[in-house]
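The values are calculated or read from the model by the stated rules, or taken from the named source; none is laboratory data. Given the structure is predicted, the values throughout are model-derived calculations rather than measurements. Glycine also receives a Cβ, built like all others from the backbone with ideal geometry; neighbour counts cover every protein chain displayed. Only protein heavy atoms, including side chains, enter the accessible area calculation; ligands, DNA and RNA are left aside. Shrake-Rupley method; radii C 1.70, N 1.55, O 1.52, S 1.80 Å.
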Amino acid sequence: MSLLGAVKALADQPWSVQLHESLYGYPIVESIHVWALCLFVGLTIVLDLRLTGLTFRTVPVSEVVRRILPWQIAGFIVMVISGVLLFYAIPVRSYQNIFFRVKMILLIVAGLNVWVFNSGVYRRIQTWDADPIPPARARVAGFASLALWVLIIFCGRMIAYNWFDCDKQPQSKIINTLAGCELETPAN
Ligand code: HEM
C-alpha cells in the first residue's frame, strides 16, 4: 500500500470522520495546538535570546535551561499530540499540503539543530555558562532556532489555505509533485 493509500485509509476511519465533522472537537484541538505553541515556542525564544546574547546576559545559561526545560517539554508533548490529532482529522488534505510537508521537514531540521547544540557546545557549558555573549556555535544554534520556529509557525498557519490543493487542477507539474497529487492519466 502506498503512503497516500495508507493516509486515505486513515481518512475513512470513523474517528477521523467524527473529529473532522465535530462542531467543537476540531476547534478545541486546534486551540490546544496554538496554546501549546505559545508555551513551547515562547519559552524556546527566551532560551534563544540568551544563547544569542541578545538579552538575559547576567543569567547563567544553565539557569535559564533548568527553569524553562520542564515547561518546554510539556508544551512540546501537547504540541505533537494535538498536531497528530489535527492531521488525523483531515489526513489526505494535510498529507498533500505543501506547507504541512515543509513544516514537517523544518521540524526535523529544528530537532537536528537541538541535537547538534546538545551534543556539541552545550557539553562544555561550564566554560561559558556565565558569559554575557556565548561562543559562536551557541549563538548560531540560537539564531537558527529562532528562524526555524518562525518558519514552522508560518507554515502551520498556511496549512489552512488551499492555494495548492490537489483538487484545484490544472496546477504546474512542480506544484503537483511537491504536493504529492495523484493525477488521473487521460484515457487514450
Ligand atoms: C511541535 C511544533 C509545532 C508547531 C510550532 C506547530 C505550529 C502550528 C501552527 C502555528 C498552526 C496554525 C494554527 C492555526 O492557524 O490555528 C498549526 C496547524 C497545524 N499543525 Fe502544527 N505545529 C507543530 C507540530 C505539529 C505536528 C507534529 C503536526 C502533525 C504531525 C502538526 C499538524 C498541524 C496541522 C494538520 C495543522 C493545520 C490545522 C488547520 O489549519 O486546520 N503540527 N501548527
Relative contact order %, the chain, counting alpha carbon pairs below 8 Å whose residues are six or more apart: 28 percent
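How large is the dipole of the range 3-179 about the Cα centre if only Lys and Arg carry +1 and Asp and Glu carry -1, each at its Cβ, rounded to the nearest 20 debye?
It works out to roughly 500 debye.
Using a 1.4 Å probe, what is the accessible area per residue for the range 58-100, in Å²? Please report the intermediate quantities before stating the final value.
Details: 2210 Å² over 43 residues.
Per residue, the range 58-100 has an accessible area of 51 Å².
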For the chain, with +1 on Lys and Arg beta carbons and -1 on Asp and Glu, the positive-most of 28, 62, 6 along the dipole: 62
Aspartates and glutamates with Cα under 18 Å of residue 168, excluding same-chain neighbours fewer than 8 positions away: 182, 184
Rule-of-thumb Rg ratio for the chain [Cα; 2.2 N^0.38 Å; N residues]: 1.25
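Can you order the peptides 85-97, 140-152, 169-181 by their average number of other Cβ atoms within 10 Å per residue, highest first? Don't jump to the answer; show the numbers that get you there.
Values: 85-97: 20.2, 140-152: 18.4, 169-181: 13.7.
Final packing ranking: 85-97, 140-152, 169-181.
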Those Cys residues of the chain for which no other cysteine Cβ falls under 4.7 Å: 38, 155
Residue-span extension gain [residue 133 to residue 153] - 0.36 nm each, minus C-alpha spacing: 4.5 nm
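What helices does the chain have that are whole DSSP H segments, at least 24 Å long along their own axis by Cα, and with mean Kyte-Doolittle hydropathy of 1.0 or more?
Details: long enough: 25-51 (38 Å, 1.46); 61-89 (40 Å, 1.50); 98-119 (31 Å, 1.65); 136-158 (33 Å, 1.38).
In the chain, the long hydrophobic H runs are 25-51, 61-89, 98-119, 136-158.
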